[in-house]
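Below: the structure, in structure tokens.
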Amino acid sequence: YQALSTFDDHAAQAHLHCPRLCFAGSTDTITYDERWGGVHLDIGGTLATHRRQLEDLGWQVHLLDGLDHTQAMQPQHVLPVLHPWLTRTLHTS
């Protein structure tokens, strides 16, 4: 994560011209122990907070209600989001 600390994600958005999808569980958080710097990542909360800005930048955003990090990457939760998005994306390309 340190290598990405100076990356200007917002500036990079203007260079993206492909379909974009992001999703996470609404309770998706990861807390690393001190070996990894004691970092706490609130992936779901960050996605919820910045959802409008991401959508304005062309991202399709999905929050999977009540799911944590491990649950949100299980096929039964991913496929209902990914399959329709891929179908729409492939038919409009």
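The values are calculated or read from the model by the stated rules, or taken from the named source; none is laboratory data. Computed from a predicted model, the values in this text were never measured in an experiment. Please note that ligands, DNA and RNA were not included when accessible areas were found on the heavy atoms of the full protein model with its side chains. Shrake-Rupley method; radii C 1.70, N 1.55, O 1.52, S 1.80 Å.
Axis of helix 75-92 versus longest Cα principal axis of the chain: the two differ by about 40°, to the nearest ten degrees. Applying 0.36 nm per residue to the separation of HIS15 and ASP56 and subtracting their alpha-carbon distance, the gain on full extension is 13.3 nm. Annotation: the antiparallel percentage among DSSP beta bridges lying fully within the chain is about 35.
Entry note, the chain: relative contact order of 31 percent, from Cα contacts under 8 Å with a spacing of 6+ residues. Equivalent-ellipsoid semi-axes for the range 7-81 (Cα gyration tensor, √(5λ), whole Å, largest first): 22, 18, 11. For the chain, the fraction of 1.4 Å probe accessible surface lying on carbon and sulfur atoms is 59 percent.
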